[in-house]
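*Asks:* Below you will find the structure I want to go over with you.
No lab work stands behind these numbers, since they all come straight from the coordinates. Predicted, not measured: the structure shown is a model, and the values here were computed from it. Cβ coordinates were reconstructed from backbone atoms using ideal geometry, including for glycine residues, and neighbour counts include every protein chain displayed.
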Amino acid sequence: MQICRSVEACRSAVRALKSEKGRVAFVPTMGALHEGHMALVEKAREVGDSVVASLFINPTQFGQASDFETYPRDEERDLAMFEAAGVDAVLIPDVSEIYPEGNETIVETTRLANMLHGIVRPGHFRGVTTVVARLFNIVQPDIAVFGEKDYQQLQVIRRMVRDLHFPVEIFGVPTRRAPDGLALSSRNARLSNESRKAATVLSRALDAATERAKSGQSIAQIRSAIETVIAGEPLAELRGLDIVEAQTLEPLGAQFDRPTAIMLSVEIDGVLLIDQKELYP
Ligand code: PAF
């Protein structure tokens, strides 16, 4: 596995991979890898002829400098996981390589980035699109793979790729879950034993919503099923519940009559967890 710390080293590794193997699939990450990231690598191996990953904790997508500074970092462990998963090359740039001195260009999806989670995390999605556009221009992949768990992020990236004509095919990968339903996330490590049990409330709430949707109930009834399950868990605080049209994230009417996305954020004992579900009538 090749380790590239500069734009030039990465471009030359990718050129070689393209000529030797064919289509390059790219998996951008911020490290702190877990099985959810490995699912992205597996998908990349399935759809591409070689896999390039990146390990870059992007300062521009953090609201508070302290969150960026305390973000877990373990390069050695992350590289070992990439290597074991069959990644061909990893880009690990310094902040100054991605954001050279005097840089001033940002990329923003003006509507999608500033709604829903974008309202509670101002500037977050602008930071994501700005870094992903730069990474795409450095790696120049044929394919890129993102998790569906960060549902709004996936829609924002799809829109940016479409609007800016990036020649990159985007694949979303379904959320990987623990056997009890909890979506895998690096934040799960911060949960105590008791709050880890309580955290299954997110997937239980989404299961209850799915049941209501299957029986043809309204959007208000689907919403109320989720709120009831969350209210039944004493350690859980509902922080965000958006039920919107899938992909466009536009508001819905009263009836469940079109592809619908549920985006849920719940705080369990000080740890904010998110989960998501797409429902089809
Ligand atoms: O999903 C993430 O880990 C990050 O938002 C991404 C896409 C790697 C951009 O920094």
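*Asks:* Determine, for R204, R5, the number of other Cβ atoms within 10 Å of each Cβ, and report the residues in order from fewest to most. Present the calculation step by step, with values, prior to reporting the outcome.
*Replies:* Working: R204 18, R5 13.
Ascending number of Cβ neighbours within 10 Å: R5, R204.
*Asks:* For the chain, modelled as a Gaussian network with Cα springs under 10 Å, which listed residue fluctuates most, H165, H124, H37?
*Replies:* Residue with maximal mean-square fluctuation among H165, H124, H37: H165.
*Asks:* Rounded, prolate or oblate: which fits the stretch 133-281, taking a ≥ b ≥ c as square roots of the Cα gyration tensor eigenvalues, rounded meaning a/c under 1.5, else prolate when a/b beats b/c? Each step should come with its number before you reach the end.
*Replies:* Working: a/c = 2.48, a/b = 1.33, b/c = 1.86.
Because a/c hits 1.5 or more and a/b fails to exceed b/c, the stretch 133-281 counts as oblate.
*Asks:* Give the lysines whose C-alpha is closer than 23 Å to that of K197, dropping any in the same chain fewer than 8 places away, or say none.
*Replies:* Once the sequence-local lysines are set aside, what remains near K197 is K149, K277.
*Asks:* Under 1.5 on a/c is rounded, so check that first for the stretch 1-64, then, if it is not, pick prolate when a/b is larger than b/c and oblate when it is not; a ≥ b ≥ c are the square roots of the alpha carbon gyration tensor eigenvalues.
*Replies:* Working: a/c = 2.66, a/b = 1.35, b/c = 1.97.
Because a/c hits 1.5 or more and a/b fails to exceed b/c, the stretch 1-64 counts as oblate.
*Asks:* What are the ³J(HN,Hα) couplings of the stretch 228-236, residue after residue, when phi is run through the Karplus curve with 6.51, -1.76, 1.60 and θ = phi - 60°? Round to Hz, x for glycine and proline.
*Replies:* Once θ is set to phi - 60°, the couplings for the stretch 228-236 become 5, 5, 5, 5, x, 10, x, 7, 9 Hz.
*Asks:* Under the rule of at least 5 residues apart or a separate chain, name every residue whose amide H is placed under 5 Å from the amide H of G147.
*Replies:* V173
*Asks:* Further, regarding this structure: Please list 25-35, 253-263 highest first by mean number of surrounding beta-carbon atoms within 10 Å per residue.
*Replies:* Values: 25-35: 21.6, 253-263: 16.2.
Taking the mean over residues of other Cβ atoms within 10 Å, the ranking is 25-35, 253-263.
*Asks:* Which whole-Hz couplings ³J(HN,Hα) result when phi for each residue of the stretch 103-114 is put into the Karplus expression 6.51 cos²θ - 1.76 cosθ + 1.60, θ = phi - 60°, listed in order with x for Gly and Pro?
*Replies:* 5, 9, 8, 10, 10, 9, 8, 5, 8, 4, 6, 10
*Asks:* I want to check the label-to-label distance for R111 and E83. Put each point 7 Å from Cα in the C-beta direction and report it in nm to one decimal.
*Replies:* Calculated label separation equals 4.7 nm.
*Asks:* Excluding T210 itself, calculate the net charge of residues whose Cβ lies under 11 Å from the Cβ of T210, where each Lys or Arg counts +1 and each Asp or Glu counts -1. Intermediate results must be reported in sequence, preceding the final value.
*Replies:* On the way: positive: R204, R212, K214, K277; negative: D207, E211, E278.
Residues close to T210 contribute a combined charge of +1.
*Asks:* Which net charge results for the neighbourhood of I230, defined as the other residues with beta-carbon distances under 13 angstrom from its beta-carbon, given Lys and Arg at +1 and Asp and Glu at -1? Write out the running numbers ahead of the final one.
*Replies:* On the way: positive: R204, R223, R239; negative: D207, E227, E233, E237, E267, D275.
Net charge in that neighbourhood comes out at -3.
*Asks:* Sticking with the crude label model, points 7 Å out along Cα→Cβ, report the distance from R258 to S218 in nm, one decimal please.
*Replies:* Each label point lies 7 Å from its Cα, and together they span 1.8 nm.
*Asks:* Something else: Using amide H atoms built in the peptide plane, which far-off residues or other-chain residues are under 5 Å from L116 H to H?
*Replies:* The list, which skips near neighbours in sequence, is empty: none.
*Asks:* Between V161, V120, V51, find the one with the highest GNM mean-square fluctuation for the chain; connect C-alpha pairs within less than 10 Å.
*Replies:* Fluctuation is largest for V120.
*Asks:* Follow-up. Can you tell me the FRET efficiency between M1 and E227 if r is taken as the Cβ-Cβ distance and R0 is 41 Å, rounded to the nearest 0.05?
*Replies:* On the way: r = 46 Å, r/R0 = 1.13.
The pair M1/E227 has a calculated efficiency of 0.30.
*Asks:* If you put +1 on each Lys and Arg Cβ and -1 on each Asp and Glu Cβ, how big is the dipole of the chain around its Cα centre, in Debye rounded to 20?
*Replies:* On the way: 31 positive and 39 negative charges, 102 e Å.
I would put it at about 500 debye.
*Asks:* Obtain the nm distance between the two label points defined at S186 and E211 by a simple spin-label model: each point lies 7 Å from its Cα along the Cα-to-C-beta direction.
*Replies:* 3.6 nm
*Asks:* Additional query: How large is the charge dipole for the stretch 153-199, taken about the Cα centre, if only the Cβ atoms of Lys, Arg (+1) and Asp, Glu (-1) carry charge, to the nearest 20 debye? If you can, show how the numbers build up before the last one.
*Replies:* Numbers: 9 positive and 4 negative charges, 25 e Å.
Computed about the Cα centre, the dipole is about 120 debye.
*Asks:* Using amide H atoms built in the peptide plane, which far-off residues or other-chain residues are under 5 Å from G123 H to H?
*Replies:* Under 5 Å from the amide H of G123 lies no amide H from a residue far enough along the sequence or on another chain.
*Asks:* Further question on the same structure: Using the Cα centre of the stretch 3-77 as origin and beta-carbon charges of +1 (Lys, Arg) and -1 (Asp, Glu), tell me which of Q61, A32, L17 is placed farthest towards the positive end of the dipole.
*Replies:* Looking along the dipole axis, the top candidate is L17.
*Asks:* Could you order peptides 67-78, 268-279 by the average number of other Cβ atoms within 10 Å of their residues, highest first? Walk me through the numbers before you get to the answer.
*Replies:* Values: 67-78: 13.0, 268-279: 18.8.
Top of the packing list down: 268-279, 67-78.
*Asks:* Please report the projected area of the chain's Cα convex hull averaged over all directions, in nm². Walk me through the numbers on the way to the answer.
*Replies:* Numbers: hull surface 59.6 nm².
For the chain, the mean projected area of the Cα convex hull comes to 14.9 nm².
*Asks:* Pop out the ³J(HN,Hα) list for the stretch 66-74 in order, Karplus 6.51 cos²θ - 1.76 cosθ + 1.60 with θ = phi - 60°, rounded to Hz; leave Gly and Pro as x.
*Replies:* Once θ is set to phi - 60°, the couplings for the stretch 66-74 become 5, 5, 5, 5, 8, 4, x, 10, 8 Hz.
*Asks:* If you don't mind, there's one more thing I want to ask. Over what distance in Å are the Cα centres of the stretch 212-246 and the stretch 1-60 separated?
*Replies:* 37 Å
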